[in-house]
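To keep things clear, I will list the structure first and then write my remarks on it.
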There are 2 protein chains.
Amino acid sequence: MKYSKATNYALHTMLFLVAYAPDKPVGVQQLAERQNVSPTYLSKILTKLVKAGLVESASGANGGYRLRRRKEEISFLDIIHAIEGTASLFDCTLNHSSECLIQQEMVKAEGQMEEYLRNKMMSELAGKLTESH
Amino acid sequence: MKYSKATNYALHTMLFLVAYAPDKPVGVQQLAERQNVSPTYLSKILTKLVKAGLVESASGANGGYRLRRRKEEISFLDIIHAIEGTASLFDCTLNHSSECLIQQEMVKAEGQMEEYLRNKMMSELAGKLTESH
DNA sequence: TATATTATAGATAAATAAAGTCTTTGATTA
DNA sequence: TAATCAAAGACTTTATTTATCTATAATATA
């Protein structure tokens, strides 16, 4: 079990937008270069972020992507859910008659991780940033 | 990102051993039937549990698997680590110059989940069990 | 000792998911 | 109208997961 690379790209893209992006939209070309990933692939990731309401896009010359919310209102969990989906990490596929106790505990465990990610905002990281991101 | 089915099988197998197994070893055949999984596949999972020191195996007639620790000393995390490995869920593969702040937060988040799983013991579930597991 | 029983291990196959590319379409601006 | 940029779909490649099959090794008991 691993977080996908797509999630990593999404988090770094969002952090860049939060930390450095002015009012002007930023093109996928530029965002892709920073992360050494192909523009077409990153654009699919960005489209997910658009659909999740985290960024907005503008076509045409001087178009690109920019944040749609204040950076204090963008959590790690928002971004991760946009890419990975919101389904539980654990599915008990066995057909027992009753509710699965193991499933219940796994969901609670996941909830602990989610709580941390829900409360961790992009704005917190933006301040700490050096040149490297 | 999903927990593997193998982890699900491992957790259910351990719970069964904790809840019902007497001193006698239980064969993989019996364990597999309960979960509707092939014995050869389950046996690979059990071998991992053996190598992790959670169960012990005995070959030959009347052989099989049995717990190696007291049920109060077997955590969810022990079992999950035995199957999924102990590597971090998140790897930032980008080569930035400095430490990755995103990585650091992701590791902390994962730590929250692990803490829950480390403190959740098989013995806690065994009591609540009905016929269904 | 021979036979049945049971775990272990390796090779391989099939299914699924993730990562990435290519091309077309549609929107916007200058 | 031409250049620029995002969106979307089809497709390919790669990696991982989920098995299966077969052979080998260990053990008990008749």
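Taken together, the values in this text are just the output of simple stated rules run on the coordinates, not laboratory data. Values in this document were obtained by computation on a predicted structure and should not be read as measured data. With ideal geometry, Cβ positions are generated from the backbone for all residues, glycine too; neighbour counts draw on all protein chains shown.
Laid out as a table, the results:
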quantity: Sorted by Cβ neighbour density within 10 Å, fewest at the top, the residues B:108, B:128; calculated: B:128, B:108
quantity: Longest segment of chain A lacking GluC sites (Glu not before Pro) that sit in a DSSP loop with at most 14 other Cβ atoms within 10 Å; calculated: A:1-98
quantity: Reachable lysines, given that their alpha-carbon falls under 30 Å from the alpha-carbon of residue A:128 and they are not under 8 places away in the same chain; calculated: A:2, A:5, A:24, A:44, A:48, A:51, A:71, A:120, B:108
quantity: Ranking of B:42, B:129 by count of other Cβ atoms within 10 Å, fewest first; calculated: B:129, B:42
quantity: For the protein assembly as shown, alpha-carbon Rg over 2.2 N^0.38 Å; calculated: 1.23
quantity: Using a Förster distance of 30 Å, the FRET efficiency for residue A:128-residue B:87 (Cβ separation, nearest 0.05); calculated: 0.75
quantity: Stretch gain in nm, segment residue A:50-residue A:70, where the contour uses 0.36 nm per residue and the Cα spacing is subtracted; calculated: 5.7 nm
quantity: Extension gain from residue A:59 to residue A:23, taking 0.36 nm per residue of separation minus the Cα-Cα distance; calculated: 11.4 nm
quantity: Copies compared at residue A:60 - label distances in nm, ascending, label defined 7 Å from Cα in the Cβ direction; calculated: 8.3
quantity: Length-normalised contact order of chain B in % [C-alpha pairs under 8 Å, at least 6 apart]; calculated: 31 percent
quantity: Ascending list, in nanometres, of distances separating the residue A:119 label from those of the other copies (7 Å, Cα toward Cβ); calculated: 1.4
quantity: Distances in nm from residue B:19 to the matching label points in the other copies, shortest first (labels 7 Å along Cα to Cβ); calculated: 4.9
quantity: Computed Kirkwood radius, in angstrom, where 1/r is averaged over Cα pairs of chain B; calculated: 16.2 Å
